[in-house]
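Some notes on the structure that comes next.
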Amino acid sequence: MKTENLETVAKKLVAPGKGILAADESTGTIEKRLKSINVPSTEENRRMYREILFTTKGAGEFISGVIQTIRQKTRDGRSFVEVLEQQGIVPGIKVDKGAKAMANFAGEKITEGLDGLRERLAEYRQLGARFAKWRAVITIGDGIPTRACIDSNAEALARYAALCQEGDLVPIIEPEVLMDGTHTIERYSEVTEQTLRSVFDSLAEHRVVLEGMLLKPNMVLSGKECPQQASVQEVAEATVRCLKRVVPAAVPGIVFLSGGQTDQQATEHLNAMNRMGDLPWQLSFSYGRALQAPVLKAWKGDTANVSAAQTAFHHRAWCNSKARFGKYTEEMETAKAA
Ligand code: 13P
């Protein structure tokens, strides 16, 4: 297998000062997001919303790639793939079929979508995708996660990644340990480490080329309902410590999910990690909610607000771009993107 192309695309996705926008919400999830601003989730509203994001002028300066729904078009009939490419943004696609209840394991999930994946990947590659994403979900709770859940998800991620590389798509490997729950940062760290260890074992078993992939993990935080919340610096240190233990230096980049953090928290955490320096990989972002929250708030489904929504997106992407260099400051929240 020739991996040069994979390595080039992987590096481009984590180019300095840039990160990924995750805009690949399933119909159910986007419905929830639109509902939060009282916009009905019609096909046209979903299309319009994504058009706002993808046509934001200057977004290509801070955004390297977009995970999207590959077949949609702008109002004037241009494909989203084309619009993104014009901005120098690499188009990507979510290829899993969702996390489903795992039989015999109450409260745990297994991600589906391997059957027929080789053929689907070929089609997405043809449509212009250059990278793909598969999300596994691990839940922390009483007696969970189980080893069976962690290992089954790791195996599926590795099989997906191998198929992607065979089909000339860079796999983004997303084992998300959820932040929902009362768990402490120590417990979150332990489960994240265990999960990533299993993922990298499976990737090695399946001969996945580490230089041609990206990892999309959760940060190591205090559980959302944990009474004792760790500080920004504690989160940064715990996350980097955990990743250094298990992520080989051959992996070009780590692109975090935001997972329910506020937009500002997600930026602050990334910034604090990049300030630490001495990291073997690029530390970047692949945020969904943390990039989109301000856009939804500004847009509210009204055409009159499109320009304000695009300014909000450009601003948030700029803040995260600064965080890639450890140069973000709180004053930037109210400053104009420069
Ligand atoms: P969040 O940043 O909202 O967690 O979304 C990232 C993502 O792509 C989840 O699969």
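At-a-glance table
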| read-out | value |
| --- | --- |
| Share of Cα-Cα pairs in the chain lying beyond 26 Å, as whole percent | 45 |
| Full-stretch length increase - D302, T334 - with 0.36 nm per residue and alpha-carbon distance subtracted | 9.2 nm |
| Share, in percent, of DSSP beta bridges within the chain that are antiparallel, nearest 5 | 15 |
| With 10 Å bins from 0: P(r) over segment 208-335, alpha-carbon pairs, percent | 13, 40, 31, 13, 2 |
| D (Stokes-Einstein, µm²/s), Kirkwood Cα radius, segment 1-95, 0.890 mPa s at 25 °C | 173 |
| Descending principal axes extents, segment 5-61, alpha-carbon based, whole Å | 40, 23, 17 |
| Contour excess over end-to-end distance, with Cα ends at N104 and T3 and 0.36 nm allotted per residue | 32.5 nm |
| Three-way shape call for segment 122-220 based on the alpha-carbon gyration tensor, with the a/c threshold at 1.5 | prolate |
| Spatial separation of Cα centroids for segment 90-148 and segment 178-252, in angstrom | 18 |
| Anisotropy class of segment 135-289 from Cα gyration tensor, a/c 1.5 cut | oblate |
| Summed residue charge, Cβ within 15 Å of I140's Cβ, Lys/Arg positive, Asp/Glu negative | -4 |
| Peptides ranked, highest mean first, by Cβ atoms within 10 Å: ranges 134-143, 157-166 | 157-166, 134-143 |
| Cross-link pairs K32/K94; K109/K133; K11/K100; K11/K297 - those with Cα-Cα distance over 21 Å | K11/K100; K11/K297 |
| Ellipticity estimate at 222 nm from DSSP helix runs (n ≥ 4, -39,500 (n - 2.57)) divided over the chain, nearest 500 | -14000 deg cm²/dmol |
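The numbers here are math on the coordinates, done by the rules we state, and not lab data. If you're wondering where the values come from, they're calculated on a predicted model, not measured in any experiment. Methodologically, a virtual Cβ is constructed for each residue, glycine included, from the backbone with ideal geometry; neighbour enumeration extends over all protein chains shown.
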